[in-house]
């Protein structure tokens with residue numbers, strides 16, 4: 001099994017001139033953990049390259065691309081209350097998007113079995129026409145469009161970041177050939193991701209949101225995958241799975257209130273790897289506890305590399321989680337009778 005890795009020093013140059021939770025130390029912590037556990041040499045490196053304007057225009061408006069490009073001419077810009085740039089950020093964002101496109105294409109072609117992309121800045125909040133939530137370009141959405149353009153008939157996007165991926169959902173909510181599944185804290189930033197957000201027009205039923213209150217952990221997340229994601233995904237029959245791989249639902253995260261362990265992330269990775277013939281690409285999104293993100297990234301990497309995850313019975317979901325899951329199943333059963 002050959003697992004690709006996208007990681008570039010340019011991702012470390014994206015930084016704010018003040019304390020910000022999305023900082024280069026996040027990537028450094030993951031790198032250090034992968035190296036310490038002897039995982040880094042087991043990957044095949046995929047070089048990051050800048051996404052073309054045409055690739056980015058498949059998701060974003062020209063005005064947005066020009067706005068981000070303009071930030072390279074100033075030392076610092078604040079694009080929204082949460083989202084900053086320095087003069088190196090626009091190039092880092094283009095490299096993140098382009099690197100993920102190439103990694104995804106290598107997995108689709110069979111040159112690689114699967115892949116991990118350690119990207120900064122993250123992407124899933126970026127809308128077609130604006131940056132938001134620490135995100136400049138929507139990396140996973142750009143890679144999804146590129147995969148579809150390359151002939152992939154059906155793409156599953158799984159988003160297990162703590163926050164709902166509003167930009168990704170909006171990119172594909174009318175597309176019947178892209179299934180978007182998200183587990184996230186709710187109500188919470190960015191305010192989207194309710195159960196009744198199902199997709200629109202031809203894409204109705206292709207958006208599946210599992211909105212959790214704070215406090216959910218391994219048992220609840222694994223149950224959501226086993227009881228909601230897997231039955232729907234098997235009926236959808238994706239040819240590729242792209243994961244918005246945020247680690248901010250981990251226990252102890254600075255911004256979140258969830259309790260996922262590294263073993264929980266490994267279990268979710270095992271489940272997505274069972275789909276699409278194993279053609280799975282994980283792309284880093286959030287995660288702000290440095291110890292937790294390092295441990296979680298290593299656990300996911302081991303699954304991608306073919307190591308057996310620790311056998312664990314996470315037990316049943318708690319009463320609150322059970323209630324949410326039942327609501328999700330009842331809402332989506334008309335679209336997916338196998339639920």
*If you check every pair at least six apart or on different chains, which have Cβ atoms under 8 Å apart with a residue in segment 242-268 that is on the phi > 0 side of the Ramachandran plot and surrounded by fewer than 24 Cβ atoms within 10 Å (Cβ to Cβ) first and a residue that is in a helix (DSSP H, G or I) and modelled with pLDDT of 95 or more second?*
252/291; 252/292
_Return the residues of segment 101-110 that are more than 19 Å from residue 275 (Cβ to Cβ) and either in contact with a helix residue (DSSP H, G or I) (Cβ under 8 Å, 6 or more places away or on another chain) or surrounded by 24 or more Cβ atoms within 10 Å (Cβ to Cβ) (or both); say none if nothing qualifies._
101
*Applying the selection to segment 193-218, what residues are surrounded by fewer than 18 Cβ atoms within 10 Å (Cβ to Cβ) and in a helix (DSSP H, G or I)?*
201, 202
*Tally time: how many residues in segment 111-120 are farther than 22 Å from residue 270 by Cβ and either out of contact with any strand residue (DSSP E or B) (no Cβ under 8 Å at 6 or more places or on another chain) or surrounded by fewer than 24 Cβ atoms within 10 Å (Cβ to Cβ) (or both)?*
1
*asked:* Test of understanding: among 185, 169, which residue is crowded, with 18+ Cβ neighbours inside 10 Å and within 18 Å of residue 323 (Cβ to Cβ)?
replied: 185
_Members of segment 312-322 found to be crowded, with 20+ Cβ neighbours inside 10 Å and not in a helix (DSSP H, G or I), listed by number_ = 317
_Residues of segment 60-94 classified as over 25 Å from residue 190 (Cα atoms) and buried (at least 24 other Cβ atoms within 10 Å of the Cβ), total_ = 0
*Mind listing just one residue for me: the one in segment 281-311 that is loosely packed, with under 14 Cβ neighbours inside 10 Å and touching a helix residue (DSSP H, G or I) at 6+ places or on another chain (Cβ under 9 Å) and, of those, nearest to residue 251 (Cα to Cα)?*
291
*Out of 192, 269, sole residue that is over 24 Å from residue 294 (Cβ atoms) and touching a helix residue (DSSP H, G or I) at 6+ places or on another chain (Cβ under 6 Å)*: 192
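The values are calculated or read from the model by the stated rules, or taken from the named source; none is laboratory data. Keep in mind that this is a model prediction, so the values were computed, not measured. With ideal geometry, Cβ positions are generated from the backbone for all residues, glycine too; neighbour counts draw on all protein chains shown.
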